[in-house]
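What follows draws every value from the coordinates through simple rules; no lab data is involved. If you're wondering where the values come from, they're calculated on a predicted model, not measured in any experiment. All Cβ positions, glycine included, derive from the backbone under ideal geometry; neighbour counts span all protein chains shown.
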Amino acid sequence: MLFINHDIGWAGRLMLRQFPRGFRFGSATSAYQIEGAAHAGGRQDSIWDVFCRVPGAVVRGENGDVACDHYHRYAEDVALMADLGLGTYRFSVSWPRVLDGDRVLPEGMDFYSRLVDELLAKGIEPWLTLYHWDLPAALPGGWTNRDTASRFVDYALALHDRLGDRVRTWTTLNEPWCSSFLSYAAGIHAPGQTDAAASIRAAHHLLLAHGWTVQALRAADDHENELGVTLNFTPVISASQSAADRDVARRVDGTANRFFVEPIMTGDYPADVRDDLAGYWPDDLVHEGDLAAISTPIDVLGVNYYTTNVFRAGEAEAGPTPHIAAPDAVQVLRDLPQTAMGWEVDPDGLRRLLTWLHTDYTGSAGVKLVVTENGAAFDDQPDADGYVDDTATRLEYLRRHLAAVHDAIGEGADVDGYLAWSLLDNFEWALGYDKRFGIVAVDAELRRIPKASAAWYGQVARTATLIG
């Protein structure tokens, strides 16, 4: 179980850390956050295009219509990655850019084909994520509709037909917790619903789409593709040893973490989570064969980690919450530095997470772990030329978390890579462009200006060596 009942402090120490041979260093982005070109080549609306038009849904009514204009500037961005020395690029595909219903959109497919070719020409491994939240808006019911899982398989196979000869690593989903509980229960993300039962349906159908797609891609490819999924993990600590605090932490952990990793890795939902959600769980949700499909073996588990949370039991929250099994959970902040998101900086939480995953799930199954997102937003202050010296903030955040990854490897965790979030400052979903996670600044003229953290991280990537 991921929640723990006491805080373990991180003690930094200066040392030379060499990462294993073949360890992947790179960066990550997502389509809607950087591409722009909202209707180029016949691209259809996604649920995020629609959500951004809802008054008050996004800060200042901002959207991804232009974003970083990566659609037109991808060659510049790939060259930037190559100059930094990054060896892997994890990007996502916009489903409504490549398919209009069942009809393939040639211009969208051509864009991703050019992107892959550019990456390969620069010696960068393309890592493709099929779903990073931009569901076609035209699909009836979204993820609450079981048929969406079938449509997702069709989408994946169409993309594989075009790119499968060159892309070896495929991720089905990014952060299904966000696409279900945050989106259908809390209403914070698209499509902005606040229905607990709908969020459970969405979560199950997302997992079903994952399992069916892994099966389909295995059958479609004669090569040794690397298939997996990326989950976001937020380790949970109980504020005290009281029974109430321990129980609320267990319930938060159940939906935030174990709801997804356990069916994928063990073939069943946790019994305590099913009990906690009994009042919302649809009777017709799980069909015969669903859990066998969801637990189809994978090669790599992507781990997105940003922070660790402490909870105590309190009064039930009146409004919508993603913690549908724990509306009485109250977050407690510790005496730790925070990012601009208000998230505590807890690098040792990443070490604990990776060792827990390896020990309880992935190690015995021979599944590799890769940190597919880790990074931080800070209130960057560029100088007159647009340069950001983030040495004391983002660079230090990355350094400490990379040290935690190295420590986890030293403790036996099979960790195969680290992809910094994010390559570029971009559209941060409901928070618009306020929160800047990039190691490369993007200014009002869309100039790319590497920050101090970019040069530092590039040196680590080129040498596979961390000092500190």
Translational D in µm²/s for the stretch 16-467 (Stokes-Einstein at 37 °C, 0.692 mPa s, Kirkwood Rh from C-alpha pairs): 149
Need the C-alpha centroid separation for the stretch 386-432 versus the stretch 106-154, integer Å. 25
Which percent, to the nearest 5, of DSSP beta bridges fully inside the chain are antiparallel? 25
Over all pairs of different Cα atoms in the stretch 258-386, the reciprocal of the mean inverse distance gives a Kirkwood radius in Å of 17.8
Could the peptides 441-448, 94-101 be put in order, highest first, of the mean number of other beta-carbon atoms found within 10 Å of their residues? 94-101, 441-448
Sites Ala271 and Arg334, calculated FRET efficiency, Cβ-Cβ separation with R0 35 Å, nearest 0.05: 0.65
If contacts are Cα pairs under 8 angstrom and at least 6 residues apart, what is the relative contact order of the chain in percent? 20
Using the crude model of +1 on Lys and Arg Cβ and -1 on Asp and Glu Cβ, and no other charge, please compute the dipole size for the chain relative to its Cα centre, in debye to 20. 780
Only Lys, Arg (+1) and Asp, Glu (-1) charged, at Cβ; the stretch 346-407 dipole about Cα centre in debye: 540
According to the square roots a ≥ b ≥ c of the eigenvalues of the Cα gyration tensor, what is the shape class of the stretch 133-250, taking rounded for a/c under 1.5, prolate for a/b larger than b/c otherwise, and oblate for the remainder? oblate
Please compute the Cα-Cα pair-distance distribution of the stretch 348-466 with 5 Å bins starting at 0, giving whole percents from short to long. 2, 11, 20, 20, 15, 13, 10, 5, 2, 1, 0
The stretch 203-280 and the stretch 447-468: distance between their alpha carbon centers, rounded to Å: 33
Quick one: which of 251-258, 36-43, 307-314 comes out on top by average Cβ neighbours within 10 Å, and what's the full order, highest first? 251-258, 307-314, 36-43
Going fewest to most other Cβ atoms within 10 Å around each Cβ, Glu411, Glu175 line up as Glu411, Glu175
In which sequence would Leu130, Leu333 go, from the one with the fewest C-beta neighbours within 10 Å to the one with the most? Leu333, Leu130
Going Cα to Cα from Lys122, which aspartates and glutamates come in below 14 Å? Please leave out same-chain ones fewer than 8 positions away. Glu76, Asp77, Asp83
Between Asp65 and Glu288, what is the spin-label point distance in nm, taking each point 7 Å from the Cα along the Cα→C-beta axis? 5.2
I need to check one value: relative contact order of the stretch 323-468, counting alpha carbon pairs closer than 8 Å and at least 6 residues apart, in percent. 24
Full-extension gain between Glu445 and Tyr387, please, as 0.36 nm times their residue separation minus the C-alpha to C-alpha distance. 19.5 nm
If the chain between Ala464 and Gln215 were fully stretched, how many nm would it gain, using 0.36 nm times the residue separation less the Cα-Cα distance? 86.2 nm
What ranking do Leu369, Leu277 get, fewest neighbouring Cβ atoms within 10 angstrom at the top? Leu277, Leu369
Express the relative contact order of the stretch 350-398 as a whole percentage, based on alpha carbon pairs under 8 Å and six or more residues apart in sequence. 26
Cα-projected label distance for Ala40 with Ala244, points at 7 Å along beta-carbon direction, nm: 5.6
